[in-house]
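The structure appears below as structure tokens.
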Amino acid sequence: MRKPLVIVVTGPTGSGKTAFSIRLAKKLNCSIISADSRQVFKEIPIGSAAPTNEELNEVKHYLVGSHSINDKFNAGVFEKEALKILESLFKENNIQLVCGGTGLYIKALLEGLDNIPDSSDEIRTELDEIWESDPEVLKKQLQELDPEYSKITDLSNKQRVIRALEVIQLSGKTYSSFRKSSQKARDFDYVILAMELPREELYQRINRRSELMIEAGWIKEARNVFPFREVNALQTVGFRELFEFFDGRLSQEEAIEKIKINTRRYAKRQLTWIRNQQEVSWVNPEIETESVIKIIKDRFSLDELS
């Protein structure tokens, strides 16, 4: 009996993953599990560019707006919840779809994660004090100790930098080494489809989407969560810049421009991660679903695909 199949739709932010995955899911009559580290939080649908209510009504989505920003949600939690959801969904359809741009979440689902050392309150407190005094010290330290991870992570993200340095101190190993665990056995096959666009077009889409998110009420949404600015869920591009605006360190126009710049940088890091994955099929987000299905059928014997 053939294994179930997980179709992963990924790509840089703003590349059209959501619309593409919905078209494909409707063709395959399957659901979508979100592999996005921010869309899971119900308080920030605009700032996370979550699927709209209309899109959610078109196809059943999981792990979109399902948790609070105050909940602990990370790659390990995602792995457990997504596997449980897939187990249930496979009873109805042997083909399911995962959509998102958070590389570590996708890796956790497809391959599993190494046993990364637990947190140390003592080390974390020490690193936190250094960050508050001069964050550049820790950024430079991480670049020197783990250049591989530094190239693909957001060095402005306090939690990520501190966590990586904490792991290095606890284990004597680079944080990136824990992201290369030997693949765990899964009871499903998978194929990765990545959205491919010319860089200039991608950047134009990112800029325009940022403006549309502002028009949709992103600033009001950010003000609502501003009291919780220290939670990990809000240590992300977009909210950081708007919080600087609220603090009076940036004008609204400067914050929006900075969001566009940092979002483009984030997209570059996402592309770096995707290019390092094996057997990725690059497709244009406007490609016909029939052509996508042919790509998948060429790799697997799937009689039920039509």
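The values are calculated or read from the model by the stated rules, or taken from the named source; none is laboratory data. Everything numeric in this text was worked out from a predicted model, so none of it was measured. With ideal geometry, Cβ positions are generated from the backbone for all residues, glycine too; neighbour counts draw on all protein chains shown. For accessibility, only protein heavy atoms count, side chains too; no ligands or nucleic acids. Shrake-Rupley method; radii C 1.70, N 1.55, O 1.52, S 1.80 Å.
Taking the alpha-carbon distance from K297 and a cut-off under 16 Å, which aspartates and glutamates remain once sequence neighbours fewer than 8 residues away in the same chain are dropped?
Of all the aspartates and glutamates, those that pass the test against K297 - Cα under 16 Å, at least 8 places apart if same chain - are D189, E279, E288.
Please state, rounded to one decimal and in Å, the Kirkwood hydrodynamic radius that the stretch 250-305 gives when every pair of distinct Cα atoms enters the mean of 1/r. Mind showing how you got there, number by number?
On the way: mean 1/r = 0.0688 Å⁻¹.
Mean inverse Cα-Cα distance, inverted, gives 14.5 Å.
DSSP loop chymotrypsin sites (Phe, Trp or Tyr not before Pro) in the stretch 228-304 with at most 16 other Cβ atoms within 10 Å of their Cβ, which ones? Working shown, then result.
On the way: sites: F228, F239, F243, F245, F246, Y266, W273, W282, F300; in loops: F300.
Loop-located and lightly packed - F300.
Normalise the Cα radius of gyration of the stretch 60-142 by 2.2 N^0.38 Å (N = residues in it) and let me know the number.
1.48
Using the Cα centre of the chain as the reference point, and only Cβ charges (+1 on K/R, -1 on D/E), how large is the resulting charge dipole? Debye, rounded to the nearest 20.
Numbers: 45 positive and 48 negative charges, 142 e Å.
In total the dipole reaches around 680 debye.
Which whole-Hz ³J(HN,Hα) couplings does the stretch 210-223 yield from phi under the Karplus relation 6.51 cos²θ - 1.76 cosθ + 1.60, θ = phi - 60°, glycine and proline marked x?
Ordered by residue, 3J(HN,Hα) equals 4, 5, 5, 5, 5, 4, 7, x, 4, 4, 4, 4, 5, 5 Hz.
Report, please, the projected area of the chain averaged over directions, based on the convex hull of its C-alpha atoms, in nm².
That works out to 15.9 nm².
Cα to Cα, under 21 Å, and not fewer than 8 places away if on the same chain: which lysines meet these conditions relative to K158?
K72, K139, K140, K173, K258, K260, K268
What part of the accessible area of the stretch 1-87, given as a whole %, is carbon or sulfur when the probe is 1.4 angstrom? Working shown, then result.
Numbers: 1800 of 3700 Å².
Accessible surface attributable to carbon and sulfur in the stretch 1-87 totals 49 percent.
For the stretch 139-181, which whole-number percentage of the solvent-accessible area (1.4 Å probe, protein heavy atoms only) is attributable to carbon and sulfur atoms?
That share works out to 46 percent.
In nm, give the distance between the simple-model label positions of T52 and I287, each being 7 Å from the Cα along the Cα-to-Cβ direction.
It is 2.6 nm.
Loop-only check: which GluC sites (Glu not before Pro) in the stretch 211-240 are DSSP coil with at most 16 other Cβ within 10 angstrom?
Within the stretch 211-240, the qualifying GluC sites (Glu not before Pro) (loop, at most 16 other Cβ atoms within 10 Å) are E230.
Express the accessible area of the chain per residue in Å², computed with a 1.4 Å probe while the remaining protein chains stay in the model. Write down the numbers at each step before the final one.
Working: 15320 Å² over 306 residues.
On a per-residue basis, the chain sits at 50 Å².
Place +1 on the Cβ of every Lys and Arg and -1 on the Cβ of every Asp and Glu in the chain, take the dipole about the Cα centre, and give the residue among T13, T289, Q39 whose Cα lies farthest towards its positive end.
Farthest towards the positive pole: T289.
Rounding to the nearest 20 debye, state how big the charge dipole of the stretch 157-226 is about its Cα centre with +1 on each Lys and Arg Cβ and -1 on each Asp and Glu Cβ.
In debye, rounded to 20, the stretch 157-226 gives about 400.
Of N29, I152, S66, which is farthest towards the positive pole of the chain's charge dipole, taken about the Cα centre with +1 and -1 on the beta-carbons of Lys, Arg and Asp, Glu respectively?
Sorting the options by dipole projection puts first N29.
Contour minus end-to-end for D189 and S119, with contour as 0.36 nm per residue of separation and end-to-end as the Cα-Cα distance?
Taking 0.36 nm per residue and subtracting the Cα distance, the gain is 21.9 nm.
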